[in-house]
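Here the structure is laid out as structure tokens; the discussion comes afterwards.
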Amino acid sequence: MIASVRGRVAAVRLDSVVIEVGGVGLLLQATPGTLAELRPGQETELATSLVVREDSLTLFGFGTTDERDVFETVQTVSGIGTRLALAMLAVHTPEGLRLAVAQQDLTALTKVPGIGRKGAQRIVLELTDRLGAPSGGATVAAAKPADTGGWRDQVLDALTGLGWPAKAASDAVDKVVGAPDSPVALDENGAPPDMAQVLRAALRQLGRTG
């Protein structure tokens, strides 16, 4: 079992990161939120989960051990594999998932691509006693990472880390965030509700103009 990986970030990709450990480049699958925090050349440490299949060994990386533990726990639900588990953490924080399950908030759970109402009901049924209670006084919105205006820099860092020029990345973010016809709206604090959504929308924009 590989519990964590520490080393230099060699490359950041759309859905994964390469970290050099002892001269070996390890490929870790990760959520957009985790990837947005990483930049090539920096030292980092990620909690990891190794998934063993008959024909593959896949390493998943997470910014916190809590994310890793939730990733492993949600896979105990019938029908939830690594792809859906990772998608759940791309849309919700661990606290957001705990709260959604505790409040039986099917609407929040069905925001995850690939999870319908019946799947959300099954998640609530099977995870109620496994994820643990949410923090006192938390809400789904409050459980998301607080944004102090640095979300744009994080998205730009992720895009430039993927190889896009800084100017092209900045233009793409301007086109997908905040404008009346843009796919991502800002909340009352001037922040996007989901940074992973911004990253995905910007990558689609860059793909059209690249």
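The values are calculated or read from the model by the stated rules, or taken from the named source; none is laboratory data. These figures come from a predicted structure and were not determined experimentally. Cβ sites come from the backbone with ideal geometry, for glycine too, and all protein chains shown count toward neighbours. Accessible surface areas use protein heavy atoms only, side chains included; no ligands, DNA or RNA. Shrake-Rupley method; radii C 1.70, N 1.55, O 1.52, S 1.80 Å.
Points to keep in mind about this one:
- Evaluated against (1) of a type in the set (A, V, I, L, M, F, W, C); (2) free of Cβ contacts under 8 Å to residues at least 40 places away in the same chain; (3) part of a helix (DSSP H, G or I), Val70 falls short on exactly one condition, (2).
- Positions within the range 41-58 being of a type outside the set (Gly, Ala, Ser) and part of a loop (DSSP other than H, G, I, E, B), in sequence order: Gln42, Glu54, Asp55
- Set Leu38, Leu14: member being in a loop (DSSP other than H, G, I, E, B), open to solvent by less than 20 Å² (accessible area, probe 1.4 Å) and within 23 Å of Thr93 (Cα to Cα): Leu38
- Long-range neighbours under 7 Å by Cβ, at least six apart or interchain, first residue modelled with pLDDT of 80 or more and assigned to a loop (DSSP other than H, G, I, E, B) within the range 163-183, second of a type in the set (A, V, I, L, M, F, W, C) and surrounded by 12 or more Cβ atoms within 10 Å (Cβ to Cβ): none
- Filter pass, Gly61 being farther than 27 Å from Arg117 by Cα, at pLDDT 95 or above and touching a Leu at 6+ places or on another chain (Cβ under 7 Å): yes
- Residue match in the range 137-156 (condition: assigned to a loop (DSSP other than H, G, I, E, B), β-branched (Val, Ile, Thr), open to solvent by less than 80 Å² (accessible area, probe 1.4 Å) and at pLDDT 70 or above): no
- Residue in the range 55-64 that is open to solvent by 40 Å² or more (accessible area, probe 1.4 Å), in contact (Cβ under 8 Å) with a residue 60 or more places away in the chain and among the charged types (D, E, K, R) present: no
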